[in-house]
Amino acid sequence: MQRSRVAVAGASGLIGGALVRSLTADGYEVVRLVRRGARGAQEVCWDPEGGYVDAAGLAGCDVVVNLAGAGVGDHRWTAEYKRRIRDSRVLGTAALAEAVAALPEPPRVFVNGSAIGIYGDTGDRVVDEDTPPGDGFLSSVCVEWEEAAAPAQEAGVRTVFPRTGLVVARSGGAWGRLFPLFRAGLGGRLGDGGQYWSYIALHDEVAAIRHLIDHDELSGPFNLTAPTPLTNREITAAMGRVLHRPTVCAVPAPVLRTVLGEMAGDVLGSQRVVPKRLSESGFRFAFPGIEDAVRAAA
């Protein structure tokens, strides 16, 4: 069977890189969007914050996936870095959605990244895709991020928003920082540990994105999180069991606020998110439990 041509923005990131490897291994032709001059037919030049996409390079793409955006946890949240977090997502999505909409033969699906940050701090309350957006910086960014895909939707392109949780991976993302600490015996709960973390194994994240690509009846938001979110305290204990390390080095909330500034609110915030629509669509998780997810990553 002939495989389709897939364009991926954010191909150098944790999720994008894993997705590209998965698609390539299965024989798909992958085109990467790059922020420099394209070096051959497998690259497309774009400037997400400048609003430019070499749309000609997207011609013939059956699928366009946008996972680009400045890392939320890469720097302290100064006013300038918050602007970069927003603009890299919102302006980049708008540029790509407009390019997709203008193609003589648009792709059959536009997968535009999003995050469970859209729900804000939900405490102990279980939330799914029907829950309205919450308050706070990340929530407002996610709302704008999804709204920026409107040109593609209005052009009739099936548009999907994978709202990703905390990805359990050996390197990259939040877990990429946790693993070295736990291996060194310095792992522990953050704050009182009662806040819910909605996680997903990297393998399941990629599999879920491919599931959304493959099923033409699916559109709109989908939470990409494991079925049973756990508290930070429970996840800390699981990390200790799997890695055979003590987990006594708790970090008090005031210390986190001093070190992380405004971002500490999201680290200490609670999100008990479930993948209602993803599960209803027939997707099955390979690593639904935290210990399985940690072992797969470790």
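The values are calculated or read from the model by the stated rules, or taken from the named source; none is laboratory data. What you are looking at is a predicted structure, and each value in this text was computed from that prediction instead of being measured. We place every Cβ from the backbone using ideal geometry, glycine too, and count neighbours over all the protein chains shown. Ligands, DNA and RNA are stripped out before the accessible areas are found, and what is left, the full protein with its side chains, is counted by its heavy atoms. Shrake-Rupley method; radii C 1.70, N 1.55, O 1.52, S 1.80 Å.
So that you can scan it fast, the table gives a plain yes or no per residue for (1) at pLDDT 95 or above; (2) on the phi < 0 side of the Ramachandran plot; (3) not in a helix (DSSP H, G or I):
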position	(1), (2), (3)
ILE200	yes, yes, yes
ALA207	yes, yes, no
LEU212	yes, yes, no
PRO246	no, yes, yes
LEU256	no, yes, no
LEU260	no, yes, no
ALA264	no, yes, no
PHE285	yes, yes, yes
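Could you please find all residues in the stretch 214-243 being in a helix (DSSP H, G or I) and closer than 25 Å to THR131 by Cβ? ASN232, ARG233, GLU234, ILE235, listed by residue number. Being hydrophobic (A, V, I, L, M, F, W, C) and surrounded by 18 or more Cβ atoms within 10 Å (Cβ to Cβ) is a description that applies to ALA101. Is it true that some residue in the stretch 89-100 is part of a loop (DSSP other than H, G, I, E, B), out of contact with any Gly (no Cβ under 7 Å at 6 or more places or on another chain) and of a type in the set (Ser, Thr, Tyr)? No.
The residue of the stretch 172-197 that is least open to solvent (accessible area, probe 1.4 Å), among those that are within 20 Å of GLY117 (Cα to Cα) and part of a helix (DSSP H, G or I), is TRP175.
Residue count for the stretch 265-288 under the criterion of being within 29 Å of GLU217 (Cβ to Cβ) and under 19 Å from the mean Cα position of the chain (by Cα): the result is 15. Taking each residue of the stretch 17-30 that is free of Cβ contacts under 8 Å to residues at least 24 places away in the same chain and looking for partners that are part of a strand (DSSP E or B) with beta-carbon atoms closer than 6 Å, six or more apart or interchain, yields VAL20/VAL8; VAL20/VAL30; THR24/VAL30.
Just to be sure, is ALA79 open to solvent by 30 Å² or more (accessible area, probe 1.4 Å), within 25 Å of PRO151 (Cα to Cα) and free of Cβ contacts under 8 Å to residues at least 12 places away in the same chain? It is false that ALA79 is open to solvent by 30 Å² or more (accessible area, probe 1.4 Å), within 25 Å of PRO151 (Cα to Cα) and free of Cβ contacts under 8 Å to residues at least 12 places away in the same chain.
Filtered by the rule that a residue be in contact (Cβ under 8 Å) with a residue 40 or more places away in the chain, of a type outside the set (S, T, N, Q) and either outside any helix (DSSP H, G or I) or out of contact with any helix residue (DSSP H, G or I) (no Cβ under 7 Å at 6 or more places or on another chain) (or both), the stretch 120-142 gives GLY120, ASP121, GLY123, ASP124, ARG125, VAL126, VAL127, ASP128, GLU129, ASP130, GLY136. With the requirement that a residue be of a type outside the set (Lys, Arg), within 14 Å of ALA68 (Cβ to Cβ) and open to solvent by 50 Å² or more (accessible area, probe 1.4 Å), what does the stretch 15-50 give you? Of everything in the stretch 15-50, those that are of a type outside the set (Lys, Arg), within 14 Å of ALA68 (Cβ to Cβ) and open to solvent by 50 Å² or more (accessible area, probe 1.4 Å) turn out to be ASP47, GLU49, GLY50. Filtered by the rule that a residue be more than 16 Å from ILE290 (Cα to Cα) and either open to solvent by less than 10 Å² (accessible area, probe 1.4 Å) or aliphatic (A, V, I, L, M) (or both), the stretch 198-213 gives VAL206, ALA207, ALA208, ILE209, LEU212, ILE213. If you check THR247 against the conditions, is it hydroxyl-bearing (Ser, Thr, Tyr), farther than 30 Å from ALA25 by Cβ and either free of Cβ contacts under 8 Å to residues at least 60 places away in the same chain or surrounded by fewer than 15 Cβ atoms within 10 Å (Cβ to Cβ) (or both)? Criteria not met by THR247. For the stretch 281-292, the tally of residues that are within 14 Å of ALA237 (Cα to Cα) and surrounded by 15 or more Cβ atoms within 10 Å (Cβ to Cβ) stands at 3. The stretch 5-78 holds strands (runs of 3 or more DSSP E) entirely within its bounds, and those carrying 3 or more residues that are more than 19 Å from VAL157 (Cβ to Cβ) map to 29-34, 43-47. Each residue in the stretch 140-160 was checked for being of a type in the set (Gly, Ala, Ser) and buried (at least 20 other Cβ atoms within 10 Å of the Cβ), and 3 pass.
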